[in-house]
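Notes to accompany the following structure.
Throughout, read-outs are computed from the coordinates displayed, never taken from laboratory work. Here the structure is a predicted model, which means the values were calculated and not measured. Glycine also receives a Cβ, built like all others from the backbone with ideal geometry; neighbour counts cover every protein chain displayed.
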Amino acid sequence: MRDLSLHVLDLVQNSLTAQATRIEIIIDEDIACNQLRLIVRDNGHGMSQEQCKAALDPFYTTRTTRKVGLGLPLLQAAAERADGSLQLHSQLGQGTTVIATFVYDHLDRAPLGDMSLTLMTIIALNEECCFTYRHRRGEREFTICSEELRQELAGIPLDHPQIAAWFREYVRELEKSLEV
Amino acid sequence: MKSLEDLRKLRDSARQMMHLREGGEKIRIVIGMGTCGIAAGARETLAAIMQELERLNLFDVAITQTGCAGLCDQEPLVDVFLPGQPRVTYGQVDEERARQIIGEHVVNGRVIEKWVVER
């Protein structure tokens with residue numbers, strides 16, 4: 001995975017596989033503390049302690065039985081390359097939270113990448129799931145909630161090509177507004 | 001600046017268009033979004049598909065996703081279902097292939113055999 005936005009897309013796929021109906025994505029660029037936190041929280045079916053352990057071991061799971069793919073070990077490696085870490089909180093029936101931290105200005109910290117494209121992909125392909133995305137950078141932040149957009153759309157699907165194009169541009173401008 | 005007002009306008013024009021073509025089975029496109037698909041560029045492939053559908057005013061195509069299909073080396077994988085026809089699976093669908101698949105297969109109904117990996 002080239003950048004963090006691709007990891008976010010991959011984490012969300014795990015949440016969807018776990019039957020999540022609510023997924024919260026948070027990117028917190030805490031420049032004062034020189035830390036970047038990436039959090040994906042879902043209300044899916046969760047994992048037992050053994051499954052959590054297995055999920056972080058790329059060689060433990062097999063394709064036919066795995067709940068998550070290589071994605072989590074890849075993210076863990078990306079975090080550790082930037083002197084950060086990956087935490088996995090989960091309980092069966094309670095959903096899962098993945099928290100990846102990175103040293104913000106570390107040379108090997110992967111760039112954020114194109115979050116507008118990741119969010120468009122998630123929102124256009126998953127009409128029945130609710131997403132919240134919050135991005136904070138220093139003092140500025142914004143939040144996007146798929147439910148609010150769906151209310152505005154009143155039944156017109158988010159995978160409508162014109163709507164999806166609007167959404168991507170909308171996110172791109174919000175992302176830009178965080179830059180000083 | 002993109003505003004919610006723009007979104008409402010798009011919604012209203014989209015609704016008018018949809019009334020014109022209600023009923024009938026939809027064209028379906030399924031894209032592989034497993035870790036292997038994402039790493040191979042499935043997100044960019046989807047963006048190209050959406051852009052091409054927008055350019056050609058094809059607003060009534062259902063797009064969904066699937067996980068790893070076991071053909072990881074052929075990702076990004078794209079399935080096309082035309083109404084009444086069996087599935088056609090294309091492999092290594094980059095942005096350029098995606099645009100051609102929309103034009104040739106989805107619009108003209110001609111399968112691009114050389115990129116088919118399964119059907």
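What residue among A:Gly71, A:Gly138, A:Gly155 has the largest mean-square fluctuation in a Gaussian network model of chain A, using Cα springs under 10 Å?
Result: A:Gly155 has the largest fluctuation of those listed.
If one computes the Cα centroid of region B:39-81 and of region A:16-45, what distance in Å separates the two points?
25 Å
Which order do peptides A:75-81, A:113-119 fall in by mean Cβ count within 10 Å, highest first?
By packing density, highest mean first, the sequence is A:113-119, A:75-81.
In straight Cα distance, which lysines are under 23 Å from A:Lys176, not counting same-chain residues fewer than 8 positions off?
Hits, sequence-local ones excluded: B:Lys2.
Hey, what's the Cα Rg ratio for chain B versus the globular rule of thumb, 2.2 N^0.38 Å?
Taking the Cα Rg and dividing by 2.2 N^0.38 Å, one obtains 1.13.
Reported to two decimal places, what Rg/Rh ratio describes region B:80-119 when computed on Cα atoms with Rh from the Kirkwood expression?
0.92
Using a Gaussian network model of chain B whose springs link C-alpha atoms within less than 10 Å, name the residue from B:Leu58, B:Leu77, B:Leu46 with the highest mean-square fluctuation.
Sorting by GNM fluctuation, first place goes to B:Leu58.
Could you give the nm distance between label points at A:Leu107 and A:Ala154, where each point is 7 Å from its Cα heading toward the beta carbon?
Rounded to a tenth, the inter-label distance reads 5.7 nm.
Given the -39500 (n - 2.57) contribution per DSSP H run of 4+ residues, what per-residue ellipticity at 222 nm results for chain A, rounded to the nearest 500 deg cm²/dmol?
Estimated from H runs of four or more residues: -11500 deg cm²/dmol.
Tell me, B:Leu71, A:Leu9 in order of fewest to most beta-carbon neighbours within 10 Å?
Ordered from fewest to most neighbouring Cβ atoms within 10 Å, B:Leu71, A:Leu9 come out as B:Leu71, A:Leu9.
Given the DSSP H assignment, sum -39500 (n - 2.57) over each helix run of at least 4 residues in chain B and divide by its residue total; what's the result at 222 nm in deg cm²/dmol, nearest 500?
Calculated from helices alone, the mean residue ellipticity at 222 nm is -11000 deg cm²/dmol.
Given a Förster distance of 22 angstrom, what is the FRET efficiency for B:Lys114 paired with B:Arg87, based on the Cβ-Cβ distance and rounded to 0.05?
0.80
Name the most mobile residue of A:Tyr104, A:Tyr170, A:Tyr133, meaning the one with the largest mean-square fluctuation, in a Gaussian network model of chain A with Cα contacts below 10 Å.
Between A:Tyr104, A:Tyr170, A:Tyr133, it is A:Tyr170 that shows the largest mean-square fluctuation.
Under a Cβ-only charge scheme (Lys and Arg +1, Asp and Glu -1), can you give me the dipole magnitude of the protein assembly as shown about the Cα centre, in debye to the nearest 20?
Dipole about the Cα centre, nearest 20: 520 debye.
Taking the convex hull of the Cα atoms, report for chain A its projected area averaged over all directions, in nm².
Mean shadow area of the hull around the Cα atoms is 10.6 nm².
How high is the FRET efficiency between A:Leu178 and B:Glu5 when r is their beta carbon distance and R₀ equals 25 Å, given to the nearest 0.05?
0.65
Which residues' amide hydrogens lie under 5 Å from the amide hydrogen of A:Ile31, considering only partners 5 or more residues apart or on another chain, with H built in the peptide plane?
Here the answer is A:Gly138, since their amide H atoms fall under 5 Å of that of A:Ile31.
To make sure I understand, if each residue's beta carbon is the centre and we count other beta carbons within 10 Å, what order do B:Glu52, A:Glu179 fall in, fewest to most?
With the fewest neighbours first, B:Glu52, A:Glu179 line up as A:Glu179, B:Glu52.
Nearest 20 debye, what's the magnitude of the dipole of region A:105-162 about its Cα centre given +1 on Lys and Arg Cβ and -1 on Asp and Glu Cβ?
Here region A:105-162 has a charge dipole of around 180 debye.
Specify whether the C-alpha gyration tensor of region A:93-180 places it in the rounded, prolate or oblate class, a ≥ b ≥ c being the square roots of the eigenvalues: rounded for a/c under 1.5, otherwise prolate if a/b is larger than b/c and oblate if not.
Prolate is the answer for region A:93-180, as a/c is 1.5 or above and a/b outweighs b/c.
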